[in-house]
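Single-structure report; data block below.
Derivation of every value follows stated rules applied to the coordinates shown; laboratory data play no part. Because the structure is predicted, anything quoted here is derived from the model rather than measured. So basically every Cβ, Gly included, is an ideal-geometry build from the backbone, and we count neighbours across all protein chains shown.
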Amino acid sequence: MSKGLSSKRPGSQRLGKEQLAQLVAGDIAQGSFVNLGIGQPTLVSNYLTAEQHVTLHTENGMLGMGPVAVGDQIDEDLINAGKIPVTELPGASYFHHADSFAMMRGGHLDVCVLGAFQVSATGDLANWNTGAPDAIPAVGGAMDLATGAKDVYVMMSLFTKEGAAKLVQTCSYPLTGVGCVTRIYTNEAVFLIGPDGVRVRETFGTTFAELQERIGVELLDD
Amino acid sequence: MLNFVQSAAEAVAGISDGATVLIGGFGNAGQPMELITALLDGGATGLTVVNNNAGQGDAGLALLIKERRVDKVICSFPRQSDSWHFDAAYRAGEIELELVPQGNLAERIRAAGAGIGGFFTPTGYGTMLAEDRETRMIDGRGHVYETPIYGDVALIKALTADKAGNLVYRKTARNFGPIMAAAAINTIVQVGSVVPTGDLDPENVVTPGIYVNTVVRLDAPARTERERSRQ
């Protein structure tokens, strides 16, 4: 794993969304094939460097996706999974939907970065449905992404606006995938999920002891 | 039998009430809008539609749903900011929804075209979308059994066809086109151009003509402004 930006970061302040995206980008190994989920994970692409040689996958059928299209680059036949017009980079390739998801399910993508409502201590992910009775369910590619990539990184705030921890012992929202998340990047800490439990890699503007007090999940100190 | 027809109306004329219709496209990319409009005008009803979404805005599939011509949608992502016609039909209990993870949806369509009687996939295992489903542990990992999705008809969009029905697509507009073409009894394709047999490089053909039944040439597909100004 590339340590890059993450290893010696002074942890005196909570991270903003851009800083968090920068942290994730710095942790992605050179030469990786990566899928960035819709929303906050998309910000990671702004901080990937040319030297990292990261190839971006979009599940609607493309490897080698470039930045968002502007002006006369906009082409309605060239969009990302969020249906935003994008560009292609040299070396890009196109393929149909079944191939795109076979690529994912077959374990060929190194990293997928997703948002989440909740992650459990054993890496269960809930990110597609809040279980509200009047909500129209929509899953898209979330379950395929969660299940398929070699590593699933989650980016989220550690607490809801109401102050409830989103790292939980057991998810109360409907699951997207079981035991799939390997790492959680939050504004207050980075957590590594392994066979022995949830390890705190680093903290931002808080301490291990404070986190342990506020989260109902047993944490391991790095 | 491969037919080349002159209009979208002629292309969809054989679609009957109660048909299962596979409709290509992801958002607007690859959506066969003119064929869908012709299906709407043609009056077929009681349809089951398979698409990634459940219509957006006031066009295409959204209008088919608005007019209550669709009894059931099989899709991965019905809820969008502009899916108001689906939302209204769903809340009124006037449309059935089968929600399928996007990769399972694609593979179920592929399985139908490939003569596979279903498959076990890890996607969705342990979630509410796999409740009451057959499961199996394979190499220590939970899998869910998924069935093929066959179409009576596929409506898809490609860039170019040759007179043998071979198709090439354009960028991410390819999406569901090739697998839907194989999964339907009657595959109807709208293209931007038709070229003589032999003009497509066989190495570059994406959908071989064996999967194609009807081709209609309609207005040229989208290009970038820069490409337009070059022509």
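Binning at 10 Å from 0, report for the stretch B:16-94 what percent of all alpha-carbon pair distances ends up in each bin.
The percentages, shortest bin first, are 21, 62, 18, 0.
Just to confirm the number: angle between the C-alpha axis of helix B:102-114 and the first principal axis of chain B, 0 to 90 degrees, nearest 10?
70 degrees
Separation between the A:S172 and A:A50 pseudo-spin-labels, each 7 Å from Cα along Cα→Cβ, expressed in nm?
Result for the modelled spin labels: 5.0 nm.
Can you give me the relative contact order of chain A as a percent, contacts being Cα pairs under 8 Å and 6 or more apart?
Computed over chain A, the figure is 19 percent.
Based on DSSP, what percent of beta bridges with both residues in chain B are antiparallel, to the nearest 5?
25 percent
In deg cm²/dmol and to the nearest 500, what is the mean residue ellipticity at 222 nm of chain A if only DSSP H runs of at least 4 residues count, each as -39500 (n - 2.57), divided by the residue total?
So the calculated ellipticity at 222 nm is -4000 deg cm²/dmol.
Assuming R0 = 22 Å, can you tell me the calculated FRET efficiency for the pair A:A135 and B:A92, based on Cβ-Cβ distance, to the nearest 0.05?
0.85
Given an 8 Å cut-off on Cα distances and at least 6 residues of separation, report the relative contact order of chain B as a percent.
For chain B, the relative contact order is 22 percent.
Filter the GluC sites (Glu not before Pro) in the stretch A:132-215 to those in DSSP coil with at most 12 other Cβ atoms within 10 Å of their Cβ, and list the result.
Sites meeting the loop and neighbour criteria: A:E162.
Would you mind getting the Kirkwood hydrodynamic radius of chain B from its Cα pairs, rounded to one decimal in Å?
By the Kirkwood definition, the hydrodynamic radius is 18.3 Å.
Compute the FRET efficiency between A:I38 and B:T197 as 1/(1 + (r/R0)^6), taking r as their Cβ-Cβ distance and R0 = 35 Å, and round to the nearest 0.05.
Given R0 = 35 Å and the Cβ-Cβ separation, E is 0.25.
Rounded to the nearest 0.05, what FRET efficiency do B:F120 and B:D58 give with R0 = 56 Å and r taken as the Cβ-Cβ distance? Could you check?
Step by step, r from the Cβ atoms, then E = 0.90.
Taking the Cα-to-Cβ direction at B:V5 and at B:T45 and moving 7 Å from each Cα, how far apart do the two end points lie in nm?
So the two model labels end up 2.1 nm from each other.
Sort A:V178, A:V154 by Cβ crowding within 10 Å, fewest neighbours at the top.
A:V178, A:V154
Starting from the Kirkwood radius over alpha-carbon pairs of the stretch A:11-221, derive D by Stokes-Einstein at 4 °C in a medium of 1.567 mPa s and give it in µm² s⁻¹.
Result for D is 73 µm²/s.
Find, among the GluC sites (Glu not before Pro) in the stretch B:78-167, those assigned to loop by DSSP (not H, G, I, E, B) with at most 13 other beta-carbon atoms within 10 angstrom.
Hits after loop and neighbour filter: B:E94, B:E131, B:E134.
With the radius of gyration and the Kirkwood radius both derived from the Cα set of the protein assembly as shown, what is their ratio Rg to Rh?
1.00
Based only on other Cβ atoms within 10 Å, what is the fewest-to-most ordering of A:S120, B:S76?
The fewest-first ordering by Cβ neighbours comes to A:S120, B:S76.
For the stretch A:11-221, what is the percent of antiparallel DSSP beta bridges, rounded to the nearest 5?
Counting DSSP beta bridges with both partners in the stretch A:11-221, the antiparallel share is about 50 percent.
Looking only at trypsin sites (Lys or Arg not before Pro) in DSSP loops with at most 12 other Cβ atoms within 10 Å, what is the longest site-free stretch of chain A?
With trypsin sites (Lys or Arg not before Pro) excluded where exposed in loops, chain A gives A:9-160 as its longest stretch.
Can you sort A:W128, B:W84 from fewest to most other Cβ atoms within 10 Å of each residue's own Cβ?
B:W84, A:W128
Given the rule -39500 (n - 2.57) for each run of at least 4 DSSP H residues, summed and divided by the residues of chain B, what is its mean residue ellipticity at 222 nm, to the nearest 500 deg cm²/dmol?
-6000 deg cm²/dmol
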